[in-house]
Amino acid sequence: MSAEAPTPSLGPSLPACISLAAVSLVCFVAGFGTGAEFVRFLSFGAIFKNISGDTAAEPPLSWGDAVGDATILRSLGIDAALLFLFVLQHSVMACSAVKGTVTRIFGVLQRSVYILCTAVSLQVLIRYWQPCPRGPFLWSVSSAPWTAWLPLLCVLLHTISWLLIFSVLLIFDYAELMGLKQVYYHCFGMGDPLSHKSPRVARLYAHLRHPIYLELLVILWAVPSLPPDRLLLSSFLTLYVSLVHRLDVQDYTYLRSQLEKKFMLFSREEAGGDRWGASKKD
């Protein structure tokens, strides 16, 4: 006698589903908005001042003077504390023990809570970051024609890097990464979305922390000038991403195959649209 196929469990009540969906949507909006602001913080703020010619009124400090400048040291101390706070939140909440505790408390909203906490820590980092406009600069372009061409080149590199980052995010299930799909599956009694994925995807998700390693390095370091606060930011995040970058060859092979499938899908849709337009003309 063959075993019966398991039936999906009933989801929670409608009011509970509405409440869960509202909370997850709020967390998603907070995470998405903070991500857009982080793009401005990393790229636009570092490049636009050079394009617009916004420079400090006073000549830049030397490294010897900066070591004894209390204002510079105070700013760098605050920036280092903000970076440590972000890394602490980002890493501690990703640990299995903490993740299990958050899951027991918030249930299916565990991923949404993680996104919200990450957004809050990033907002604190962005709002209270202390720039050092007087330098000293590890490098700063001040001679023509590079004062015009190097910022434009950095804009091009940053634009390409962000587009590559967004394309990688499209490969993954973005709704699941942001915590929306977990709530959807829970409300319809479908269980954990990860349980419906193939072993290759599950393996990738187990290794996935920062699949955008090279692009992020370009964004951090490809700037027309590098004051102490940007040097601290770039060095700190480079070290952190290097320590947690765990993707291997099999993961990259899977990512490449998924990207090729996306391109094939887009080309088919474009070809179908061309045929539909031609048939309408006929």
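Pull up region 14-25, narrow it to residues that are surrounded by 16 or more Cβ atoms within 10 Å (Cβ to Cβ) and not small (Gly, Ala, Ser), then point me to the one that is farthest from Ile219 (Cα to Cα). Before the answer, list the steps.
Residues of region 14-25 that are surrounded by 16 or more Cβ atoms within 10 Å (Cβ to Cβ), as a first pass: 17, 20, 23-24.
Those left that are additionally not small (Gly, Ala, Ser): 17, 20, 23.
On the way: Cys17: 40, Leu20: 36, Val23: 32 Å.
In this case the residue turns out to be Cys17.
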(1) more than 29 Å from His186 (Cβ to Cβ); (2) open to solvent by 30 Å² or more (accessible area, probe 1.4 Å); (3) under 18 Å from the mean Cα position of the chain (by Cα) all hold for Arg111 apart from (1)
Is it fair to say Leu116 is touching a Cys at 6+ places or on another chain (Cβ under 9 Å) and open to solvent by 50 Å² or more (accessible area, probe 1.4 Å)? yes
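Looking only at region 160-191, count every residue that is open to solvent by 70 Å² or more (accessible area, probe 1.4 Å) and assigned to a helix (DSSP H, G or I) and tell me the total.
Step one: filter region 160-191 for residues open to solvent by 70 Å² or more (accessible area, probe 1.4 Å), giving 160, 163-164, 166, 170, 174, 184, 186, 188, 190.
So of that shortlist, the ones also assigned to a helix (DSSP H, G or I) come out as 160, 163-164, 166, 170, 174, 184, 186.
Adding up the residues that qualify gives 8.
Suppose we filter Ser142, Ser112 for residues that are at pLDDT 90 or above and among the polar types (S, T, N, Q); which single one remains? Let's see the steps before the verdict.
Values: Ser142 fails: at pLDDT 90 or above.
Just a single option satisfies the conditions, and that option is Ser112.
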Flagged in region 148-159 as open to solvent by 60 Å² or more (accessible area, probe 1.4 Å) and either over 19 Å from Gly45 (Cα atoms) or over 23 Å from the mean Cα position of the chain (by Cα) (or both), in numbering order, are Trp149, Leu152
So the check is Cβ under 7 Å with 6+ separation or different chains; which pairs have a first residue in region 151-163 that's modelled with pLDDT of 90 or more and a second one that's charged (D, E, K, R) and open to solvent by less than 60 Å² (accessible area, probe 1.4 Å)? Ser161/Glu215
Which ranges mark the helices (runs of 4 or more DSSP H) fully within region 26-103 that have 3 or more residues being open to solvent by less than 30 Å² (accessible area, probe 1.4 Å) and modelled with pLDDT under 95? 70-92
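The values are calculated or read from the model by the stated rules, or taken from the named source; none is laboratory data. All values derive from a computational prediction rather than experimental measurement. Here Cβ is always computed from backbone atoms with ideal geometry, including for glycine, and neighbour counts include all displayed protein chains. The area values use the complete protein model at the heavy-atom level, side chains included, leaving out ligands, DNA and RNA. Shrake-Rupley method; radii C 1.70, N 1.55, O 1.52, S 1.80 Å.
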